[in-house]
Amino acid sequence: MSLVDGARYRLAARAPVRQRSPAATTALMAMVVLLAAWQLAARWGLVKHGYLPAPSAVAVAGVAMARDGELWQNAQISLLEFAMGLALSIGVGIPLGLLMGWFRTVRELFEPLVMVLNAMPRIALIPMIVVWLGIGSISKIAVVFIGGVIPLIVNGMAGVRDADGSLVRLARSFCASDLQLFLKILLPGSVPSLLAGLRLAIGHAVIGVVLAEMYASVRGMGYLLQSYGTNYEAAQLFFLVIVVSAAGYLATACVQLVESRFQSWRQP
Amino acid sequence: MDQRSELAEVERSPHVELRDVRIAYKKPSESRYAIVADDVGLRIQQGEFVTIVGPSGCGKTSLLLAIDGLLRPIRGEILIRGRPVTRPGRDRAMVFQEFALLPWRTVFGNVAFGMELQGGRPSPERVERYINLVGLNGFERHHPHQLSGGMRQRVGLARALAVNPEILLMDEPFGALDAQTREVMAGELLRIWQVERKTVVFVTHDIDEAIFLADRVIVMSAAPGRVIAEIHVALPRPRRPEQRASPEFAEYRSCLHRLLFQEGRGEADREKAG
Ligand SMILES: Nc1ncnc2c1ncn2[C@@H]1O[C@H](COP(=O)(O)OP(=O)(O)OP(=O)(O)O)[C@@H](O)[C@H]1O
Ligand SMILES: [Mg+2]
């Protein structure tokens, strides 16, 4: 009986995915049409070559950049800065956010700073950070960190503060200690909020690393973008934009995948 | 003689005692308290099965929360074996009206939850026993969102029973069950109660259920809830489903009907007058 039920639920869970696949086909077709139109427009000279390179030209430029190692060398640097900055913001943001949700004093201590940082365009801090930390990797990591840490703090705090009151009461009823309450109710209850925060953090981190490298750097994807831009090399530029976007999308999609798994137990 | 003094001792100190309890909530907008239950006095003996009936909103849930130690009365006191209640204790377990299941845990994990909080890792056999008891075997790996309302309710029931409390506080624990399951669970609960001699405080909206289970039915008035009647149910135990059709049962039923109906009408009159 349970087996039958299990199968039914699995089917039900899969149904939306199946429904999505025609939409994916449509999107794919739209993309193919767009690429073809773009290619033809460039080939017929409807747009000036310098403004809009043909997809084929972008592909050729991309292959060349990948061949001579330029792409991978710089991507490696950006990836490393991105990963370290993000790891740091996770290591600081999640515990700090949870603590701010849990202890009023911690919240009162940090909330003004977090709110100011949250409200301001954090990109505006890049020049200051470069002044402080130089143009090496450290300043990039710092920019990524500041971008990523804020949404994690805000969502960690919200996750704890919006905990289901009836579950808190339940735990208290069974004589839960404060630590048990935190580990067994507040922390697991915050997971969806934290994952949403992580998704935002990744978005901010990608923007952060590229912009910081564009502003002051001699290496990395942002630097490449900057230098091809100043040389009006549109094909390379386009290729880099696509690579960076794809990387950001991929990272976000990974989190979304995890999120959808956790979504399943959320009650409608 | 020895026996008699022991008996007297038991009578003197009830298991659970409420003295002039007043429960109130502070309204968020105002500084005043809104009284939801007042002048509640109850003496519940060790091993007694007490059911509480009363109109919706009369403070039944609030009273149970107060006995559990989750809510402090603003007046009067609640004593358990003569000691004032200040916080939840291991001697009490509550079955919540709104189930209160952890959505990220399976049925198994939810049933184990109370035991886990009260004494480390529970043995799987023990958890399994209570899952079987409420008839959820085969659903151990399901999450709450995959269960029907009645199944969720039974998870909450198993969770409370599993910590083996002396006092069971049950807030409409069968409210979401169909009639048959309801009767089966009622029989099961009585069996457990009889074997383990628990003290049970059981809130219900079902008059028949209140009579069938109880040694004593407490009838409460509309908000602010007061105890307007206590009815001792003298039907012989162990109770059997056939008793529901007996003339004595019908008498209790009509008596409770009258009390609740009069109460309802009184409330309506008062509203008209106001
Ligand atoms: N946390 C709360 N804050 C403020 N008011 C509350 C709160 N909980 C309950 N109340 C109020 O107290 C009154 C009694 O609520 P309670 O849940 O105890 O009633 P009840 O008798 O259990 O009702 P029902 O039979 O519908 O479950 C209601 O008027 C309700 O609005
Ligand atoms: Mg209630």
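The values are calculated or read from the model by the stated rules, or taken from the named source; none is laboratory data. What you see is a predicted model, and the numbers here were worked out from it, not measured in a lab. Cβ sites come from the backbone with ideal geometry, for glycine too, and all protein chains shown count toward neighbours. What goes into the accessible areas is simple: the full protein's heavy atoms, side chains included, and nothing from ligands, DNA or RNA. Shrake-Rupley method; radii C 1.70, N 1.55, O 1.52, S 1.80 Å.
A few comments on the model shown:
- MRE, 222 nm, helices only [DSSP H, n ≥ 4, -39500 (n - 2.57), over chain A, to nearest 500]: -28000 deg cm²/dmol
- Both chains summed, the buried accessible area for A and B stands near 2400 Å², from protein heavy atoms and a 1.4 Å probe.
- For segment B:27-99, a/c is not less than 1.5, where a ≥ b ≥ c are the root eigenvalues of the C-alpha gyration tensor, and a/b tops b/c. That puts it in the prolate class.
- For segment B:174-241, relative contact order (Cα pairs under 8 Å, six or more residues apart, normalised by length) works out to 22 percent.
- Remark: accessible surface ordering of A:Trp102, B:Trp104, A:Trp72 (largest first) is A:Trp72, A:Trp102, B:Trp104, probe radius 1.4 Å.
- Choice from A:Gly45, A:Gly159, A:Gly91 showing the highest fluctuation, given a GNM over chain A with Cα pairs closer than 10 Å: A:Gly45
- Exposure of A:Leu125 as accessible area (Å², to 10), given a probe of 1.4 Å and all protein chains: 40
- Separation of the B:Ala34 and A:Val63 label points, Cα + 7 Å toward Cβ, nm: 7.3
- Within chain B, helix-based [θ] at 222 nm, where runs of 4 or more DSSP H residues each add -39,500 (n - 2.57), nearest 500: -12500 deg cm²/dmol
- Electrostatic dipole magnitude of the protein assembly as shown [Cβ: Lys, Arg +1; Asp, Glu -1; Cα centre; debye, to 20]: 700
- Charge dipole of segment A:69-266 (Cα centre as origin; +1 on each Lys and Arg Cβ, -1 on each Asp and Glu Cβ, all else neutral): 560 debye, rounded to the nearest 20.
- Whole-Å distance, taken between Cα centres, linking segment A:59-106 and segment B:46-109: 49
- Positive-end ranking of A:Trp132, A:Ala205, A:Thr252 along the dipole of chain A, with charges on Cβ about the Cα centre, is headed by A:Thr252.
- GNM result for chain B, Cα springs below 10 Å: residue of B:Ala24, B:Ala93, B:Ala250 fluctuating most strongly: B:Ala250
- Largest mean-square fluctuation among A:Ala247, A:Ala124, A:Ala158, in a Gaussian network model of chain A whose springs join Cα atoms under 10 Å apart, belongs to A:Ala124.
- Partners for A:Lys48 among aspartates and glutamates (Cα-Cα distance below 18 Å; same-chain residues under 8 apart left out): A:Glu233
- Whole-angstrom gap from segment B:110-184 to segment A:147-219, using each part's C-alpha centre: 31
- Taking every protein chain into account, the accessible area of chain B amounts to 47 square angstrom per residue (probe 1.4 Å).
- A:Val154 accessible area, 1.4 Å probe, all protein chains in place, Å² to nearest 10: 40
- Per-pair calculated FRET efficiency, R0 = 30 Å: B:Arg19 and B:His257 via Cβ, rounded to 0.05: 0.50
- Restriction of the trypsin sites (Lys or Arg not before Pro) in segment A:169-268 to DSSP coil positions whose beta-carbon has at most 14 other beta-carbons within 10 angstrom yields A:Arg266.
- Shape call, chain B: gyration tensor on alpha carbons, a/c limit 1.5: rounded
- Cα lying deepest toward the dipole's positive end in the protein assembly as shown, options B:Leu259, A:Ile94, A:Ile77, charges on Cβ: A:Ile77
- Those lysines that a straight Cα-Cα span of less than 20 Å connects to B:Lys27, excepting residues fewer than 8 apart in one chain: B:Lys60
- Cα gyration tensor shape for the protein assembly as shown, rounded if a/c is under 1.5, else prolate or oblate: prolate
- Furthest towards positive pole of dipole, B:Phe108, A:Thr26, A:Pro151, structure part the protein assembly as shown, Cβ charges: A:Thr26
- For segment B:27-43, the residues whose backbone nitrogen is under 20 Å from a point 7 Å from the Cα of A:Arg104, taken along Cα to Cβ, are B:27-33.
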